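Contents: one structure, followed by commentary.
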Amino acid sequence: MVSPIVSVVMSVYNGERFLREAVESILDQNFRDFEFIVINDGSTDFTGQILDSYQEKDSRMHVYHQENRGLVESLNRGCGRAQGKYIARMDADDISVINRLGWQVEFMEQHPEVGVLGGAAEIIDIMGMSLRTCANPIEDHDIRIALLDDCPIWHPTVLMRKDVFVSVGGYRKVVFGSEDYDLWLRVADHYQLANLGAVLLHYRHHPHQITVSKGKQLIFSTLAARAAATLRRDGKPDPLDSIVDITSAVLVDLGVNERIQQSALARRYLWSIGILYNNGEYSDAFNVLTEMLQTCDWKQAEKRVITDLRILAAQLHWKQRRFVKSILIAVHAAITRPIILGRPFRSLLHWFRYSN
C-alpha cells in the first residue's frame, strides 16, 4: 500500500454539533492524496456514530475510539499513526477552505527548510457568521520575533513535516493548553517556520473552547514554554522534561515572577471576556469575569488592561440591568486611566473621516 502524502489528524470529544462541517471540509479538499485520522476521545454524545458513518463511506477515514485521555495524548496517538510525509492538524469545530491542503503541500515541497507551516484564519461565530480575519507574520524572522510574546501560528491551520514532529518529541502533556506553542518553540530550535497569507481555515469562537474555559492553565503553560525556550537558547537543559505540573511556584523557579504571571492572566481574561462579549455571549462573559475576580490578582496588570477590564465589566453589568453598578465601575475606569474619556470622540472623528 502506497503511503499518502498528507495525514490529517483530529481529536474530538463530544463534538457532534460542528463535527459534520469539519469532517466534510477535509473530505472535500481539492487535494486528494491524504488519510484522515480521527481520535474519538471518549465522547458520550453521537460523535462516535457520526465518525463511523463517514468511515463506512470513505476509505481515507481512519477512526479510533478510546477512553477519554485528553487532547495531548490523543494528538500524539493520531500523529503516531500518521503514514504521510506531512501531518495536517484539524479541529472538530472548524472548517478548512477547499484549497487548504493543496496550497500547503505545494509550499512545503518548494521550501524544504520549513518545518511547520500555518496560515491566516477567518474567525466565525457559533452560527458560522464571519467576525473578522486574522493574519499572522509570514516570514521566519518575523514569526520568531512574535514567538517571544505570543503564538503566531494557528494550530488547526498547520501542516508540518512528520519527521520534524518526531524529531522534537511531539506534543508535551505538561504544557496542556499551550502544547502547540511549546511545539513551535521546540521546532524553531532546529527548523524554519512560515505562514501563508491566504485564509486556510474558518476558526470558530464559542464559549466551550479550551482557550476560553482553561485560561489560567493556558497562561501558566505558555509562560513555562517561553521560559524553557529561553533556557534552551542559553544552552541549558529543558526544565519541562522533568516537571509534572506547572504551578505558580514552578514558574517562579523558572524566572517568571508573580507579577508577570498575574499580568499575563489578566490580559488573557480580558481577551476571553472580550471575545464572548463581542459574540453576544453575555452570560458566559460574565461567568468568566467572575472566575477572573476569584482566581486572578488582576490589579497587578498594566493600567491599560485594568481599565479595559473595568469597561467590559461595566458593559456586562449594564446588560444585566445593574445600572448603578455599571456606572460606578465605568467611573472607576475613567479615574484609573482618564485618557479613555477621549475614546468616544476618537470614534466620532474616525466615523466622520470615513464618511467623507
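All of the numbers you see were taken from the coordinates with simple rules; none came from a lab. All values reported here derive from a predicted model rather than from experimental measurement. So basically every Cβ, Gly included, is an ideal-geometry build from the backbone, and we count neighbours across all protein chains shown.
Details
- The range 56-146: chymotrypsin sites (Phe, Trp or Tyr not before Pro) falling in loop per DSSP and having at most 13 other Cβ within 10 Å: none
- Potential lengthening between GLN110 and ILE260 on full extension [0.36 nm per residue; Cα-Cα distance subtracted]: 49.9 nm
- Annotation: aspartates and glutamates with alpha-carbon distance below 15 angstrom to LYS299 (same-chain offsets under eight excluded): GLU258, GLU291, ASP308.
- Long-range HN-HN contacts of VAL97 with modeled amide H, under 5 Å: LEU201, HIS202
- Gained length - ASP150 relative to LYS57, 0.36 nm times residue gap less alpha-carbon distance: 29.4 nm
- Residue range of the chain that is longest and free of GluC sites (Glu not before Pro) which are both DSSP loop and sparsely packed (at most 13 other C-beta within 10 Å): 140-301
- Annotation for the range 1-69 versus the range 92-148: alpha-carbon center distance of 21 Å.
- Note on the range 6-208: antiparallel DSSP beta bridges, both residues inside, total approximately 30 percent of the bridges counted.
- DSSP beta bridges confined to the chain are antiparallel in about 30 percent of cases.
- Each of GLY115, ILE335, THR290 was scored by the projection of its Cα onto the charge dipole of the chain, and the greatest displacement toward the positive side belongs to ILE335; charges sit on the C-beta of Lys, Arg, Asp and Glu.
- Over the chain: helical MRE at 222 nm, DSSP H runs n ≥ 4 each giving -39500 (n - 2.57), nearest 500: -15500 deg cm²/dmol
- For the range 1-63, the list of trypsin sites (Lys or Arg not before Pro) that fall in a loop by DSSP and count at most 15 other C-beta atoms within 10 angstrom reads ARG32.
- Computed from the C-beta positions of ILE335 and ASP33, the FRET efficiency with R₀ = 45 Å rounds to 0.15.
- Rg over Rh, two decimals, the chain (C-alpha only, Kirkwood Rh): 0.99
- Karplus-based coupling profile of the range 322-330, in residue order and whole Hz: 9, 5, 5, 4, 4, 5, 4, 5, 5, with θ = phi - 60° in 6.51 cos²θ - 1.76 cosθ + 1.60 and x standing for Gly or Pro.
- In degrees, nearest ten, helix 100-110 long axis to first principal axis of the chain (Cα): 70
- Put a dot 7 Å past the Cα of ALA135, heading toward its Cβ, do the same for ASN287, and the two dots end up 3.6 nm apart.
- Only Lys, Arg (+1) and Asp, Glu (-1) charged, at Cβ; the chain dipole about Cα centre in debye: 1560
- Residue pairs, from the table LYS216/LYS303; LYS173/LYS236; LYS216/LYS319; LYS173/LYS303; LYS162/LYS236, whose Cα atoms sit over 24 Å apart: LYS216/LYS319; LYS173/LYS303; LYS162/LYS236
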